[in-house]
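Read through the structure below, which is laid out as structure tokens, and then see the notes.
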Amino acid sequence: MIDRATIDKIMDATNIVDVVGEFVTLRKAGVNYKGLCPFHDDKTPSFMVSPAKQICHCFACGEGGNAVNFLMKHEQITYPEALRWLAKKYNIEVEEKELTEEEKREQSDRESMFIVNEWAMKYFQDMLKNDPDGIAIGKQYFRSRGIRDDIIEKFCLGYALPRRDALATAAQKAGYKAEFLTKTGLCFESGNGLTTKRSDNYVTTHLLDRYAGRVIFPWFNVSGKVVAFGGRLLDARTKGVQQKYVNSPDSEIYHKERELYGLYQAKKAIAKEERVYMVEGYTDVIAMHQCGIENVVANSGTALSVHQIKLLRRFTQNITLLYDGDEAGIHAAMRGTDMLLAEGMNIKVLLLPDGDDPDSFSRKHSAKEFKDYIEANQTDFITFKTRLTVENVTDPVKRSEAIGGIVKSISVIPDHILRSTYISELSQRMGIKEETLLNSMNGMIHKDIEDKARTPAPPIIQESSPSAEVERLLIQAVIRDGEKVIYEDVATEDGGTTSLTVAQYIAYDLGQDGLTFHDERYNRILQEAVTHSGEPDFKAESYFMQHPDYEISSLATTLAIDRHQLGKGFQVKEREGGLRQHVLHLVLDLRLDIITKRMKEIQAQLRQVGADGKRMRELLEAYRDTQQLRDALAKRLGNDIVV
């Protein structure tokens with residue numbers, strides 16, 4: 001466990017702009033910063049970061065919180081993990097008590113898998129640096145590819161010993177469970193269910209290493225956690241072998257279609273250069289870094305996914321597909337184009353000369369020469385597709401189909417102006433009237449709309465009831481001003497006096513009739529605010545915005561955020577009459593809504609009572625009493641409240 005003093009030290013050192021900036025490209029907007037929201041498919045920057053209040057908030061989807069909560073949501077990690085992440089970033093030493101066996105068992109599978117992967121990465125690195133086979137075989141392989149030692153360190157490259165159970169044995173000896181060695185994909189069971197007893201009195205489940213005898217490429221997620229590994233056969237063993245690489249299987253912490261190799265090492269350069277280069281493989285990424293070009297990632301030979309594109313779009317909208325010029329490279333460039341366009345990416349394409357891939361090309365040229373070559377030879381996707389599918393095609397039908405394919409690609413672009421620009425350019429290139437191409441494109445767009453219309457609509461979400469809105473406003477008052485005293489010298493049953501804060505008054509008033517909020521988060525917030533109201537340094541807004549529960553902090557940020565928007569013109573003014581009047585009105589509003597609903601329920605029962613005269617009289621009496629309560633409340637709400 002991390003003690004309170006250390007948590008406070010971490011929070012004091014944390015700059016939320018720096019933290020969010022690790023994952024989102026931010027630009028100054030007045031006193032705040034804005035960027036594309038990482039929590040939904042954001043097309044225009046709606047994610048605001050306030051350095052003054054140390055909070056972030058998306059005005060489109062509502063996600064937000066402080067730096068800890070941002071990390072918890074973004075990286076799907078626990079509260080302690082987020083604190084450790086910040087402590088590491090700001091070089092703060094974290095002293096924790098030794099975990100008991102029970103506490104170790106309570107750690108999530110996800111956290112355990114990250115720990116195992118981190119250990120495995122260091123194990124592979126150690127084998128590469130210090131084991132005789134690692135030095136003679138693994139390191140020699142990297143040197144034969146021209147990879148320097150500093151780049152080996154940068155990408156944490158390693159080597160797996162040839163013995164089939166070397167890692168499994170070392171891991172279990174170090175105390176790591178077979179369960180997590182298999183869940184991460186580092187090992188797999190041999191199938192015979194045997195165990196092997198070693199001479200130094202430890203027992204290992206019979207596991208086999210997935211990567212035995214291969215050089216190792218760790219995969220990092222965007223925050224730097226090891227999520228997977230790729231293992232490559234050495235050149236001497238690849239003859240006649242189709243699968244040179246073995247990669248980690250999907251797991252709780254790794255889904256290949258959601259990750260990009262090299263993004264962790266590239267993200268700052270991508271944001272700085274306002275462009276990302278997409279290549280095919282590990283060595284392409286590594287060689288370009290060594291050449292001096294760092295804004296590069298790889299999808300490792302698989303088709304681009306929407307998840308990967310959205311991940312990149314947090315950092316830049318500009319992408320250059322950089323592949324070798326063979327058939328596989330052309331296919332790789334073609335297959336992701338429409339998906340990239342549909343997600344609002346600006347695409348350039350460059351196929352390197354025959355016989356070269358980014359790895360070999362970068363080893364022949366300096367960074368400047370490589371960048372100059374890219375700048376001179378990259379083309380937009382229309383030029384690329386035209387050269388590939390239309391030029392030198394004389395058959396009218398095939399030519400028409402090829403042009404239609406380009407128009408189809410243009411039709412998925414969300415920006416209307418950009419679509420029109422591309423159509424105009426295609427018209428000039430092909431010698432076809434712009435009107436003809438526009439009609440064709442509009443037909444494709446309308447067809448897509450009709451196809452989507454045939455898809456069953458999601459269920460309609462009913463508008464929130466008046467009481468739901470009043471409850472929201474009440475809990476907003478608790479979050480903003482829960483610690484403020486609105487009653488002083490209130491008489492108590494024992495003859496003394498007391499004061500009531502906003503939170504205490506709301507809890508007392510609703511408690512008189514056993515009323516609670518429908519949203520359990522609201523009840524929890526109210527209870528915690530009441531509990532802490534007597535503490536001299538308690539400030540409800542900062543307390544809840546920095547709450548370790550992400551749901552609470554996110555809600556608190558949402559309800560408090562309009563105080564912290566750009567400029568004073570955006571701030572919410574208090575209701576006339578002051579804070580006390582505002583709270584009293586809200587409590588009465590809630591009671592009035594509850595009573596009004598009760599009257600409607602009685603009316604519904606009256607319509608169904610039939611000939612039961614006794615039941616009819618009971619309901620009429622209940623309706624009259626309830627109506628009198630409603631009228632009294634309505635009268636109080638219609639007049640100034642004097643206390």
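For segment 30-42, taking the residues that are out of contact with any helix residue (DSSP H, G or I) (no Cβ under 9 Å at 6 or more places or on another chain) and open to solvent by 20 Å² or more (accessible area, probe 1.4 Å), the one that is farthest from Leu83 (Cα to Cα) is identified as Gly30.
With respect to Glu471, determine if the residue is acidic (Asp, Glu) and farther than 30 Å from Ser46 by Cβ. Considered against the rule, which asks whether it is acidic (Asp, Glu) and farther than 30 Å from Ser46 by Cβ, Glu471 comes out as no. Working carefully through the options Ser300, Ser362, Ser305, find the one that is open to solvent by 20 Å² or more (accessible area, probe 1.4 Å) and either of a type outside the set (D, E, K, R) or at pLDDT 90 or above (or both). Just one listed residue meets the conditions, Ser300. From the list Lys122, Lys129, the one residue that fits, being closer than 20 Å to Val227 by Cβ and free of Cβ contacts under 8 Å to residues at least 12 places away in the same chain, is Lys122. Beta carbons closer than 9 Å, at least 6 apart along the sequence or on distinct chains, pair a first residue in segment 394-407 that is open to solvent by less than 70 Å² (accessible area, probe 1.4 Å) with a second that is of a type in the set (D, E, K, R) for Ala402/Lys385; Gly405/Lys385; Ile406/Lys385. Filtering segment 572-600 to residues that are of a type in the set (A, V, I, L, M, F, W, C), out of contact with any strand residue (DSSP E or B) (no Cβ under 8 Å at 6 or more places or on another chain) and either part of a helix (DSSP H, G or I) or at pLDDT 85 or above (or both) leaves Leu584, Leu586, Val587, Leu588, Leu590, Leu592, Ile594, Ile595, Met599. At pLDDT below 95, of a type outside the set (Asp, Glu) and in a helix (DSSP H, G or I): does that describe Arg164? No: the conditions fail for Arg164.
The set of residues from segment 61-90 being surrounded by fewer than 19 Cβ atoms within 10 Å (Cβ to Cβ), in a loop (DSSP other than H, G, I, E, B) and under 15 Å from the mean Cα position of the chain (by Cα) comprises Cys61, Gly62, Gln76, Thr78. I'm trying to understand the selection: among the residues of segment 373-393, which are farther than 14 Å from Leu351 by Cβ and open to solvent by 80 Å² or more (accessible area, probe 1.4 Å)? Scanning segment 373-393 gives Glu375, Glu391, Asn392. Hey, does segment 141-157 have a residue that's farther than 18 Å from Gln290 by Cβ, touching a residue at least 12 places away in the same chain (Cβ under 8 Å) and surrounded by 14 or more Cβ atoms within 10 Å (Cβ to Cβ)? Looking through segment 141-157, none of the residues is farther than 18 Å from Gln290 by Cβ, touching a residue at least 12 places away in the same chain (Cβ under 8 Å) and surrounded by 14 or more Cβ atoms within 10 Å (Cβ to Cβ).
Scanning segment 406-431 for residues that are in contact with a Lys or Arg (Cβ under 7 Å, 6 or more places away or on another chain) and over 18 Å from Glu343 (Cβ atoms) yields Ile406, Ser427. The set of residues in segment 197-208 that are open to solvent by 10 Å² or more (accessible area, probe 1.4 Å) and either at pLDDT 85 or above or within 20 Å of Thr283 (Cα to Cα) (or both) contains only Leu208. Glu520 meets each of the listed conditions (1) over 19 Å from Ala67 (Cα atoms); (2) modelled with pLDDT under 85 apart from (2). The condition of being modelled with pLDDT under 85 and in a loop (DSSP other than H, G, I, E, B) does not hold for Ala236. Within segment 22-39, restricting attention to residues that are touching a Ser or Thr at 6+ places or on another chain (Cβ under 9 Å) and among the aliphatic types (A, V, I, L, M), the residue that is nearest to Thr316 (Cα to Cα) is Leu36. When segment 542-558 is filtered for residues that are farther than 20 Å from Ile77 by Cα and either under 19 Å from the mean Cα position of the chain (by Cα) or surrounded by fewer than 21 Cβ atoms within 10 Å (Cβ to Cβ) (or both), the ones remaining, listed by number, are Ser542, Thr558. I'd like to check something: does segment 481-499 contain any residue that is part of a helix (DSSP H, G or I), over 17 Å from Ile594 (Cβ atoms) and either in contact with an Asp or Glu (Cβ under 9 Å, 6 or more places away or on another chain) or in contact (Cβ under 8 Å) with a residue 24 or more places away in the chain (or both)? Yes; the residues of segment 481-499 include at least one that is part of a helix (DSSP H, G or I), over 17 Å from Ile594 (Cβ atoms) and either in contact with an Asp or Glu (Cβ under 9 Å, 6 or more places away or on another chain) or in contact (Cβ under 8 Å) with a residue 24 or more places away in the chain (or both). Here segment 469-499 is the region considered, the condition is being within 20 Å of Phe544 (Cβ to Cβ) and out of contact with any helix residue (DSSP H, G or I) (no Cβ under 7 Å at 6 or more places or on another chain), and the residue that is surrounded by the most Cβ atoms within 10 Å (Cβ to Cβ) is Arg472.
Output yes when any residue across segment 9-29 is in contact with an Asp or Glu (Cβ under 9 Å, 6 or more places away or on another chain), among the basic types (Lys, Arg) and open to solvent by 60 Å² or more (accessible area, probe 1.4 Å), and no when none is. No, segment 9-29 contains no residue that is in contact with an Asp or Glu (Cβ under 9 Å, 6 or more places away or on another chain), among the basic types (Lys, Arg) and open to solvent by 60 Å² or more (accessible area, probe 1.4 Å). Glu93 satisfies every condition listed in (1) open to solvent by 50 Å² or more (accessible area, probe 1.4 Å); (2) among the charged types (D, E, K, R); (3) modelled with pLDDT under 85 except (3).
Taking the criterion of being surrounded by fewer than 19 Cβ atoms within 10 Å (Cβ to Cβ) and polar (S, T, N, Q), the residues of segment 506-541 that qualify are Gln512, Thr516, Asn523, Gln527, Thr531. Of the residues Gly355, Gly431, the single one that is under 24 Å from Val279 (Cα atoms), over 33 Å from the mean Cα position of the chain (by Cα) and loosely packed, with under 11 Cβ neighbours inside 10 Å is Gly355.
The values are calculated or read from the model by the stated rules, or taken from the named source; none is laboratory data. Quick caveat, the model's predicted, so the values are computed rather than measured. All Cβ positions, even for glycine, are placed from backbone atoms using ideal geometry, and neighbour counts span all protein chains on display. These area figures cover heavy atoms from the full protein model, side chains too; ligands, DNA and RNA do not enter into them. Shrake-Rupley method; radii C 1.70, N 1.55, O 1.52, S 1.80 Å.
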